[in-house]
Amino acid sequence: MEKNLLGIDTGGTFTDFVLVRDDKVLTHKVLSTPDAPEQAIFEGIHDLGVQDLLASGNLVIVHGTTVATNAALQQKGAKTAYITNEGLADILMIGRQTRSQLYQLQPSKPMISLDASLTFEVTTRRSAQGELLADLDEDSLNHLVSQIDAAKPQAIAINLLFSFLNDKEEKQIQDKLGDAYFISRSSYVLPEYREYERGIATWMNASLGPLLNNYLAELSAAFAPSPVTIMQSSGLTIAADQAAKRGINLLLSGPAGGLSAAKNQVQPDKLMTFDMGGTSTDVSLIDEDIKITNQGHIAGLPIAIPMADIHTIGAGGGSIAYVDQGGILQVGPLSAGAKPGPACYGLGGTQPTVTDANVVLKRLPASQLLAGSLAIDESKAITAILSIGRQLGLSATQTAEGIIAIANEHMAQALRLISIQRGFDPREFTLTCFGGAGGLHLCDLAEMLEISTAVIPLHSGVLSALGMLCAKPGRELVKTKLSLLQELNNKQIQQWLDELYQHGYRELKQEGVTDIYSQASLDLRYQGQSHTLNIPFNDIPGCQHEFQNQHQLRYGHQLNQPIELLNIRLRLSSPSRIDMPKPQPLSRDRSRLPRIDNSGKPADANSYKTVRREELIEGNSLPGPFLILEDHTLTRVKENWTATLTSSGSLMLHKEII
């Protein structure tokens, strides 16, 4: 186990730090610097005073970055050329026929910022069985290189038909182009079938590469000789010097850390999580383990890379409230971000936000310091809320209540999407929150979903940064092997898995990882179907039986059809760097334990009684309503709810049945 680790989670509003030094845990938070995210990191490093550890090489940094996410969302990647087979240059522009808005009279489709002048075709071709139909000759290669050099791109994406069966031509093109460009091959990024999804992944990976190369090189140089590793969307980590090659694997870099911590720290096996920060809210469902999907989307484009199944909405503490043209109150998805931030930050922001509404409602006390030193200006919050309250003919309190109600509905709808709409009953799950703003909305959301138990983990305000420290180094590997399952044997599948293992082992060995565990699975479907179910692999008969069971559960029926293998998958991981930090025991005088007496109203009827989290003791239940204050977040315990500190340091909230 490592002795000294630093987790860094860069968010849209705050950058979070969790330092584990000689088994002691220190947390910190600073305002993010979106235009130059490394500046907030350097500021936090200075505040923590770990320069001695960095210089000695005795600090391992695990970082969750939004550089890839922001560049992909805004389509501000590097100038990228796209190379494909003759006749297929328009594939990425055409996309799929499937429409996300079936009844929209004028449907729109997600656009990719690929310049037609940067698309190039080569005459080589392979069949669906991988047989060479047209060779790639030297003259064609030389002509391609001259075209690329004239276009002067920063990065190049190579996506040839059926390269997942044989990638000889893709490697030929890469070798011919040399090291002058950042090159992304589809047979490296996503060696599986479906040329459109594979092409999107390859192109996006190429466009992100130069940006990540520069960013990660700067961080690595600043932290040298201490090593830097990066959180991947799958919940596994990757060394910084390899991360830029797989930039598309970093799109959910930060949120995946929170899921990793929640799974390791919170006791129930069935969890619904929501991570509410300053800019967005990420929701997910954990049913014994974190669900991995290859059907994610960003900016409307399909991302077929394995990633944690997380749904993100534009609802955070900084979400801006406004009155639309129809005179209706709306909240988000635009955010005030870190600068200028909500009006109550006093940093120049004037637009009303969810955070300002919580200040007006006394749920965020003016005495609470944000990020350790940022004071709250209540008068500016009231002024901002009234700026739209007057348009609605409402008081500041009424307007703030409306803003909170709308924000809660947005988040509840996202939680329903990952539960009810997928066949899960929310009442069977425990709702858990993290992120700086989550605790203020936890009880409201639990009631909206008819959930009676909720939990706030230890260090919930910086849980994503903490989760990065307990995440495991590893890789998610995939390869298309289209075959009828009944025509295969266990030895053949194991041979394919061994080939994947060797590829992943070589990469992990370069990071110094040798203690590696593997989990194999197969993407199966009935012959003739388009989509698959992922089934753990032990042997073929077991997979056939489990596929039939899963198909019955998912779709309500089974078919008398041959079962087809599409992809083999292998998840490689090593042991976690640390165990989850335990709460520090405190010796207290039991006669002075905090008690909440709600028999009488405080002087200000809108105010809440408060207690510090560190004042609580294990097993001591306190009835709401009151606020639990801590360094980087706070929790609102509503009336008819009780809060109990558990042995793990988590706060367990229970709703009383009336």
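Rule-based calculations on the coordinates, nothing more; no lab input. In this text, all values refer to a predicted model and were calculated from it rather than measured experimentally. Every residue, glycine as well, gets a Cβ built from its backbone with ideal geometry; the counts of neighbours run over all protein chains shown.
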Sequence of 608, 517, 322 once ranked by neighbouring C-beta atoms within 10 Å, starting from the fewest:
517, 322, 608
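Give me the percent of Cα-Cα pairs in segment 119-184 that sit more than 16 Å apart, rounded to a whole number. Walk me through the numbers on the way to the answer.
Working: 934 of 2145 pairs.
So the portion of pairs separated by more than 16 Å is 44 percent.
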Mean projection of the alpha-carbon convex hull of the chain over all orientations, in nm²?
32.0
Sorted by Cβ neighbour density within 10 Å, fewest at the top, the residues 203, 496, 641
496, 641, 203
Eligible lysines near residue 109 by straight Cα distance, threshold 20 Å, same-chain separation 8 or greater:
76
How much net charge surrounds residue 309 when only the other residues with a Cβ under 14 Å from the Cβ of residue 309 are counted, with Lys and Arg +1 and Asp and Glu -1?
-3
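Can you give the net charge of the other residues whose Cβ lies under 9 Å from the Cβ of residue 258, counting K and R as +1 and D and E as -1?
Details: positive: none; negative: 9, 275, 282.
Summing Lys/Arg as +1 and Asp/Glu as -1 gives -3.
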Among 41, 433, 240, the residue whose Cα sits farthest towards the positive end of the charge dipole of the chain (+1 at Cβ of Lys and Arg, -1 at Cβ of Asp and Glu, taken about the Cα centre) is 433
Set of segment 37-74 residues, backbone N closer than 16 Å to the point 7 Å along the Cα-Cβ line of residue 221
37-39, 42
Translational diffusion of segment 413-562, µm² s⁻¹ [Kirkwood Rh, Cα pairs; Stokes-Einstein; 4 °C; 1.567 mPa s]
67
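For segment 472-573, what is the charge dipole size about the Cα centre, in debye to the nearest 20, if Lys and Arg each add +1 at the Cβ and Asp and Glu each add -1 at the Cβ? Walk me through the numbers before you get to the answer.
Working: 11 positive and 11 negative charges, 33 e Å.
The calculation lands at about 160 debye.
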Among the DSSP beta bridges whose two residues both lie in the chain, what percent are antiparallel, rounded to the nearest 5?
70
To the nearest 0.05, the calculated FRET efficiency linking residue 3 and residue 428 through their beta-carbon distance, R0 being 30 Å, is 0.15
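At 0.36 nm per residue, and after removing the present C-alpha to C-alpha distance, how many nm does the segment from residue 24 to residue 483 gain when stretched out fully?
Working: separation 459, 0.36 × 459 = 165.24 nm, distance 5.25 nm.
Roughly 160.0 nm would be gained on extension.
Working out 0.36 nm times the residue gap between residue 96 and residue 111, then minus their Cα-Cα distance, what length gain in nm do you get to one decimal? Intermediate values should be presented prior to the final figure.
On the way: separation 15, 0.36 × 15 = 5.40 nm, distance 1.18 nm.
Extending this stretch completely gives an extra 4.2 nm.
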The chain: relative contact order from alpha carbon pairs under 8 Å, six or more residues apart, as a whole percent, is 13
Measure off 7 Å from each Cα along the Cα-to-Cβ vector at residue 510 and residue 142, then give the distance between these two points in nanometres to one decimal.
3.2
Remind me, what semi-axes does segment 308-454 give for its equivalent ellipsoid, largest first in whole Å, using sqrt of 5 times each Cα gyration tensor eigenvalue?
27, 18, 14
Among 399, 165, 323, flag the residue with its Cα farthest along the positive direction of the charge dipole of the chain, charges on Cβ as +1 for Lys/Arg and -1 for Asp/Glu.
399
Projected area averaged over orientations for segment 84-127, convex hull of C-alpha atoms, nm²:
4.3
Take residue 517 and residue 499, extend 7 Å from each Cα along the Cα→Cβ direction, and tell me the distance between the two endpoints in nm.
2.7
Once both labels are modelled 7 Å past Cα along the beta-carbon direction, what's the residue 123-residue 75 spacing in nm?
3.3
Sorted by Cβ neighbour density within 10 Å, fewest at the top, the residues 493, 385
493, 385
I'd like the FRET efficiency for residue 421 and residue 610, computed as 1/(1 + (r/R0)^6) with the beta carbon distance as r and R0 of 41 Å, rounded to 0.05.
0.65
Efficiency of FRET from Cβ geometry, residue 179 and residue 55, R₀ 35 Å, rounded to 0.05:
0.65
Over the alpha-carbon set of segment 194-281, work out the extent along each principal axis and list the three values in angstrom, largest first.
42, 41, 24
Once the dipole of the chain is set up with Lys and Arg at +1 and Asp and Glu at -1 on Cβ about the Cα centre, which of 466, 302, 217 lies farthest towards its positive end?
466
Return the whole-Å distance between the Cα centroid of segment 193-263 and the Cα centroid of segment 438-472.
25
Could you give the angle, 0 to 90 degrees to the nearest 10, between helix 490-510's Cα long axis and the longest principal axis of the Cα atoms of the chain?
70
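Quick check: net charge around residue 629, other residues with Cβ under 14 Å of its Cβ, Lys/Arg +1 and Asp/Glu -1?
Numbers: positive: 362, 363, 609, 612, 613, 636; negative: 614, 615, 630, 631.
Summing Lys/Arg as +1 and Asp/Glu as -1 gives +2.
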Would you mind working out the magnitude of the charge dipole of segment 212-336 relative to its Cα centre, with +1 at each Lys and Arg C-beta and -1 at each Asp and Glu C-beta, to the nearest 20 Debye?
180
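For the chain, what is the charge dipole size about the Cα centre, in debye to the nearest 20, if Lys and Arg each add +1 at the Cβ and Asp and Glu each add -1 at the Cβ?
1020
Determine the gain in length on full extension of the stretch residue 646-residue 270; use 0.36 nm per residue of separation and subtract their C-alpha separation, reporting nm with one decimal.
On the way: separation 376, 0.36 × 376 = 135.36 nm, distance 1.76 nm.
Contour length minus the Cα-Cα distance gives 133.6 nm.
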